[in-house]
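Colleague: One structure coming up, written as structure tokens, with questions to follow.
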Amino acid sequence: MQQLHAHWRMEYIEAPRYPANMRRPFTELPALGDDRAALIVHRSKLSYLLLNRFPYNPGHLLAVPFREVTNLEELTAAERADLFDEIIVGQDLLTRALKPEGFNIGFNLGGNVAGGSISHLHGHIVPRWNGDNNFMPVLGQTRVLPQSLTATWEKLHAAAQAAPKKRRPARRRR
């Protein structure tokens, strides 16, 4: 039997998930006042991007509206537009910082049944690389992440700081 030594994983395993008194993390994390500690990499007017603390791949981002809702239809038109613009920003940051070859982007709607663990609506932006899925999830039911959340945050934060501020096109009135 071969042994896998991933000593760096202990930092991730032992890291606190959220403060013990935090009941609604997607509402409370932006209010902490420390985007690095909250793993928030970008904020827009109505939504924000943060690193998933339980990622499928390095750089797995969540796009979250500031207002707590559970379904897409509960978002206002402005919130929907802002959230999807934030998904595009996340894809751009990941492309510049981590150079993935593709993405999985989607939502888990329907709570625990759909695979979601937090009812606050959020979208997933998962960077993908050719060959990024190895034998570990299949045989060992273990996912090996080659980079710490802190190192990934640093790269994405640097990309966000270097990003030119894009002007949104004017929305057509109906």
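Condition check ((1) of a type in the set (Ser, Thr, Tyr); (2) surrounded by 13 or more Cβ atoms within 10 Å (Cβ to Cβ); (3) touching a Ser or Thr at 6+ places or on another chain (Cβ under 9 Å); (4) without any contact (Cβ under 8 Å) to a residue 24 or more places away in the chain) across all residues:
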site: Pro25; (1), (2), (3), (4): no, yes, no, no
site: Leu32; (1), (2), (3), (4): no, yes, no, yes
site: Ser47; (1), (2), (3), (4): yes, yes, no, no
site: Pro58; (1), (2), (3), (4): no, yes, yes, no
site: Leu61; (1), (2), (3), (4): no, yes, no, no
site: Leu75; (1), (2), (3), (4): no, yes, no, no
site: Glu86; (1), (2), (3), (4): no, yes, yes, no
site: Asp92; (1), (2), (3), (4): no, yes, no, no
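Colleague: All but one of (1) part of a strand (DSSP E or B); (2) surrounded by fewer than 20 Cβ atoms within 10 Å (Cβ to Cβ); (3) touching a residue at least 24 places away in the same chain (Cβ under 8 Å) hold for Ile105, so report the exception by its number.
Modeller: Among (1) part of a strand (DSSP E or B); (2) surrounded by fewer than 20 Cβ atoms within 10 Å (Cβ to Cβ); (3) touching a residue at least 24 places away in the same chain (Cβ under 8 Å), Ile105 violates only (3).
Colleague: Consider the range 119-174. How many of its residues are exposed (fewer than 11 other Cβ atoms within 10 Å of the Cβ), at pLDDT 60 or above and among the small types (Gly, Ala, Ser)?
Modeller: 2
Colleague: Tell me, yes or no, whether the range 31-46 has at least one residue that is out of contact with any Lys or Arg (no Cβ under 8 Å at 6 or more places or on another chain) and among the polar types (S, T, N, Q). Before you say what the answer is, go through the steps one by one.
Modeller: As a first pass, look at the range 31-46 and keep what is out of contact with any Lys or Arg (no Cβ under 8 Å at 6 or more places or on another chain): 31-34, 36-38, 40-45.
Next cut, among the polar types (S, T, N, Q) only: 44.
Yes: one or more hits.
Colleague: Does Ala20 qualify as being surrounded by fewer than 16 Cβ atoms within 10 Å (Cβ to Cβ), modelled with pLDDT of 95 or more and not acidic (Asp, Glu)?
Modeller: Values: surrounded by fewer than 16 Cβ atoms within 10 Å (Cβ to Cβ): yes; modelled with pLDDT of 95 or more: no; not acidic (Asp, Glu): yes.
Answer is no for this residue.
The values are calculated or read from the model by the stated rules, or taken from the named source; none is laboratory data. No experiment lies behind these values; they were computed from the predicted model shown. All Cβ positions, glycine included, derive from the backbone under ideal geometry; neighbour counts span all protein chains shown.
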